[in-house]
Every structure is written in structure tokens, then in C-alpha cells.
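The values are calculated or read from the model by the stated rules, or taken from the named source; none is laboratory data. Computed from a prediction, not measured in an experiment: that's the story for all the values here. Here the Cβ positions follow ideal geometry from the backbone for every residue, glycine too, while neighbour counts run over all protein chains shown.
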Amino acid sequence: MVSKSTSKKPIGVIGAGSFGTAVANILAENKQKVLLYARTPEKTKAINDSRMSSGHHLDDNIEVTNDLEKVGKSCDVIFPVVPSANFRDMMKELSPYLRPYHILIHGTKGFDLNVKMEKIDAHNPLSREHVRTMSEVIKEESSVVRIGCLAGPNLAKELSEKKPAATVVASHFDEVIKVGQTLLKNDRFLIYGSNDLIGIELCGILKNIIAVGAGTIAGLDLGENAKALFISRGLVEMVHIGTALGGNAQAFLGLAGVGDLVATSSSKLSRNFTVGNRLAQGEDIETIIESMEEVAEGLKTIHIINELSQTYKVRCPITETLNRIIEKDMSVNDAHRYLMKFPFRAEIDFI
């Protein structure tokens, strides 16, 4: 068990983006020494020189490094917070320095694909065998056994501004949950626990789709009633595809599901909401992606879930429609007219 008062080893955070920086500062504020890994030597130097990362000041207890070996060998507990597209490569580089005694609690809300999307067709459909959550990537690429994730309404800017929030630490191991709670909990940041690791990961991944769609509603100025309608229908869609992929319906009704969905579908601080908002205002998807400093995981997730829903015969009208918008087969206005006429299933049929 890690104790705030007795732990002498630093805690590792891999990824100096906005959420990684926020996690590092929370850990450091709780009197932990923190090793924060930045991907390039240039970024490491810039952060060390300015003591600023992603626009936020770094606590004095944080040391910034570009050395994954140092993180692996110095830290027993590590929080990887890197985009899903880079996660597996990061794990391959980190893996030689990891041992079964390590604890990894990731904060990445996206999928890893082990197949190229252009190879997917009617004869070779995308399936769960091709898609991994980050906990599964950690397990595949390392000797680490005690694995967990963070998920919840955790807008990084608000965390960095020390506003109240909460998160869920999910793991098959109670010890991992307790370690996460011990290291992260403070007077304004509550930590809940769950043993449904895959379910909680899927909550964090799937809500990004709905956040993109909610952003389009805001961009079209369709009102709060329309946004509430969309979010509630989005939750039902999340549950149906999430359970088909191995999650538990109950996970989607808690903080990592409804809580995260409401936050990211209602705030301009959400990257995925911002993408939808800008699409609705007529911006080109390529321009939006190129202009963003950090990855909006929802765009990749929309493509993946659109394919998986066809494989598993789960109707996901919101995902299908958003995919058509991104592929430029449908305008945002036409998409909303279509969804208003869509014969959705019974309001709640999964309880």
C-alpha cells in the first residue's frame, strides 16, 4: 500500500498534456514527488525552463524528464496519460523497465486498433478482436498485472484551477483502487472505486462520440431541450454498444458514464464538444484537426464504433450519422433533421 506520508519513491506520470499535467499537480499537491514524462527533449526543456505545462504552472514537487527508463526504474506507480494512437508504442518503449510489482493506472479515453481500417470490409468486418482498451494494451505489452484506469467528469482546465471534481479508479484489484484513492484524493477531488475495469473504460471512450454530437447542437443554436434530448438518447446508445463490447450497463449510469457524458457534452473546455461546435459552424474537419493542440479522441472512436455496430448488429444512429458528417456524406443540418425523424427504440430498455 502506498502512503502519502511514507512513500519515498516518486510517482510517474507519462504525458505532459493538459490532463497529465493536472494529474501530476494533484499528486504533487498531496506531497508526492512526481516524475512527469514529456515526449520530446525540446518539450522537456521548455517545461523545465518555464515551469509551465499545457498553460499551467507545475508544482515544485514535479520533476520533468524525457527518460522513460528513469520513470520505469524509479516509480512503482505510474499514470500513463497519452493519446490512444501513441499508447502502444509508448508501452513497448516502457515495457523493458516494468516488472510485475508495478501498478499502472491510465487516463486515456480511446481505443487501440491492431488492424488498418482500410483492410476492413464486408468480408473482413471489424470485431472486438481488433480493438483494445488501454488496460488491454498494458497487459499485452508488459509484465504488469495490477492495472487500472481513471474515468469521470475531469475537464483538465477545471482540475488545474482547483475546482471541485471527482473521478473513478477502476481495476480488477482492490489494491489498485486503494492506491489510486490514497494518492489522488483531496478536499476537492473525490475518488470512487469500481471493479468493472472494461465497463468504466468504455464509458470514457464512448461518451466522446456523444460529446461531438452535442457540440453540433450548440453550434447550430438548437437550444437546451434539444441538447438534453440528444444526451439522453446518446446514453442509451452508449449502453447498447458498450454492453455488446463487454461492458456492464450499471457502469454507464454512474460518474464515469452519466457524469462524464454531461460534462463533456456541455462544455467548451471539452475537445470533442469543440470539434462538433466548429463543424456546425461550417469549418472543415481537416482544418479543425490541424488546428487543435491536443487529440479529440471522439473522431477516431466514431469510425471504430460505426464499424463495430454493424458487426455486432447494434443500431447506433447517432454514431452512424456523425460518421456521415465526418465523411462529408451529410451536412450537420440534414443530420439533425434526420435524427429528429428517426424511430428510436423504447426510451429505456436495458434495466
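Here are some notes:
- Some residue of the range 156-163 being assigned to a helix (DSSP H, G or I), within 14 Å of Phe252 (Cβ to Cβ) and either among the hydrophobic types (A, V, I, L, M, F, W, C) or not assigned by TED's automatic domain parsing to the domain that holds Leu322 (or both): no
- Listed by first and then second residue, the pairs with beta-carbon distance under 6 Å, at least 6 apart or on different chains, first residue in the range 239-255 and closer than 18 Å to Asn208 by Cβ and in contact (Cβ under 8 Å) with a residue 40 or more places away in the chain, second surrounded by 18 or more Cβ atoms within 10 Å (Cβ to Cβ) and acidic (Asp, Glu), are Ala251/Asp196.
- Just so you know, in the range 269-288 the residues that are free of Cβ contacts under 8 Å to residues at least 12 places away in the same chain and either of a type in the set (Val, Ile, Thr) or part of a loop (DSSP other than H, G, I, E, B) (or both) include one that is farthest from Gly213 (Cα to Cα), and it is Thr287.
- Count of the range 168-182 residues which are farther than 22 Å from Gly298 by Cβ and either under 20 Å from the mean Cα position of the chain (by Cα) or outside the structural domain of Ile138 (by TED's automatic domain parsing) (or both): 7
- Test for Ala46: is it surrounded by fewer than 22 Cβ atoms within 10 Å (Cβ to Cβ), free of Cβ contacts under 8 Å to residues at least 24 places away in the same chain, of a type in the set (Gly, Ala, Ser) and assigned to a helix (DSSP H, G or I): yes
Residues are listed down the side, and each one gets a yes or a no for (1) hydroxyl-bearing (Ser, Thr, Tyr); (2) touching a Ser or Thr at 6+ places or on another chain (Cβ under 7 Å); (3) under 21 Å from Val81 (Cβ atoms):
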site	(1), (2), (3)
Glu201	no, yes, yes
Ile209	no, yes, yes
Ala218	no, no, no
Glu224	no, no, no
Ile231	no, yes, no
Val236	no, no, no
Leu245	no, no, no
Asp260	no, no, yes
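- Filtering Asn225, Asn208 for residues that are surrounded by fewer than 22 Cβ atoms within 10 Å (Cβ to Cβ), outside the structural domain of Arg132 (by TED's automatic domain parsing) and in a helix (DSSP H, G or I) leaves a single hit, Asn225.
- The residues of the range 120-131 that are free of Cβ contacts under 8 Å to residues at least 60 places away in the same chain and surrounded by 21 or more Cβ atoms within 10 Å (Cβ to Cβ) amount to a single one, His130.
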